[in-house]
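As structure tokens, the structure follows; a few thoughts come after it.
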Amino acid sequence: MIITKIFRFEGAHIVRGCSSVRCRENIHGHSYRVEVSLSSDKLDNGFMVMDFSLLSKVKELVDSFDHSYSVWDQESDSFMKMVDSFNKRHVTMPISPSAEGYALLFFYVIDKVIQNTIFANNEGNVQLHSVKVHETETGSATCFASDLDMVFFSLTDLKFSKGVQSEWKSPQWWQDLLAHRSYVNETPKA
């Protein structure tokens, strides 16, 4: 069975090297929709693949990009300094911030989150099935596990500004993920 949770963020970027002059030469923004689909071979004690509350770290990840500037780490030093000077919230990415880049990056990180989540409600073999990033109403990119062969980066290559980190509800979540520490999820409140 497959379940899907939708997250949203408003973000800005430049997609260097793309065909469109407007996209590759100008800062612009989008209203993104991120669909995270998970599969399992059985249902838990609540007859669910998993409780969506266990995706709190995924929400924290996607929210890190909300009202942030996503900058590719291949930008010039002067551009990076400008971004840092004028944007409190920014994320430096090891991959171009295209819809495809976001889908691949999110799949890679969310897969690590799922692998480090402690399931304690008799869940089955919960796996990340896909991540679909809608950049516009008419355009999206979908990433599957088979696409991970395109990953040439690691978690340590993703950098969140102090402005982003200061707003994390759970400030330790990223350090836990980097250290491969499992997440102890709180029991959802009624």
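Overview of values
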| item | result |
| --- | --- |
| Residue list for the range 21-39, filter: outside any strand (DSSP E or B) and exposed (fewer than 15 other Cβ atoms within 10 Å of the Cβ) | 21, 22, 24, 25, 26, 27 |
| Odd one out for residue 42 among (1) basic (Lys, Arg); (2) over 19 Å from residue 144 (Cα atoms); (3) assigned to a strand (DSSP E or B) | (3) |
| Which listed residue is out of contact with any helix residue (DSSP H, G or I) (no Cβ under 6 Å at 6 or more places or on another chain), closer than 18 Å to residue 4 by Cα and among the aliphatic types (A, V, I, L, M), from 113, 126 | 126 |
| Residues that are more than 16 Å from the chain's Cα centre (by Cα) and surrounded by 15 or more Cβ atoms within 10 Å (Cβ to Cβ), drawn from the range 59-80 | 75, 80 |
| Residue 154 vs. criteria among the small types (Gly, Ala, Ser) and surrounded by 12 or more Cβ atoms within 10 Å (Cβ to Cβ) | no |
| Scope the range 156-184; condition in a loop (DSSP other than H, G, I, E, B) and either free of Cβ contacts under 8 Å to residues at least 40 places away in the same chain or more than 15 Å from residue 113 (Cβ to Cβ) (or both); matching residues | 161, 166, 167, 171, 172, 179 |
| Verdict on residue 18 being modelled with pLDDT under 95 and part of a loop (DSSP other than H, G, I, E, B) | yes |
| Verdict on residue 83 being free of Cβ contacts under 8 Å to residues at least 40 places away in the same chain, farther than 18 Å from residue 139 by Cβ and buried (at least 16 other Cβ atoms within 10 Å of the Cβ) | yes |
| Residue tally, condition in contact (Cβ under 8 Å) with a residue 60 or more places away in the chain and aromatic (Phe, Trp, Tyr), over the range 87-109 | 2 |
| In the range 45-58, the residues that are hydrophobic (A, V, I, L, M, F, W, C), surrounded by fewer than 18 Cβ atoms within 10 Å (Cβ to Cβ) and part of a loop (DSSP other than H, G, I, E, B) | 47, 48 |
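The values are calculated or read from the model by the stated rules, or taken from the named source; none is laboratory data. If you're wondering where the values come from, they're calculated on a predicted model, not measured in any experiment. Counting neighbours? That spans all protein chains shown, and the Cβs are built from the backbone with ideal geometry, glycine included.
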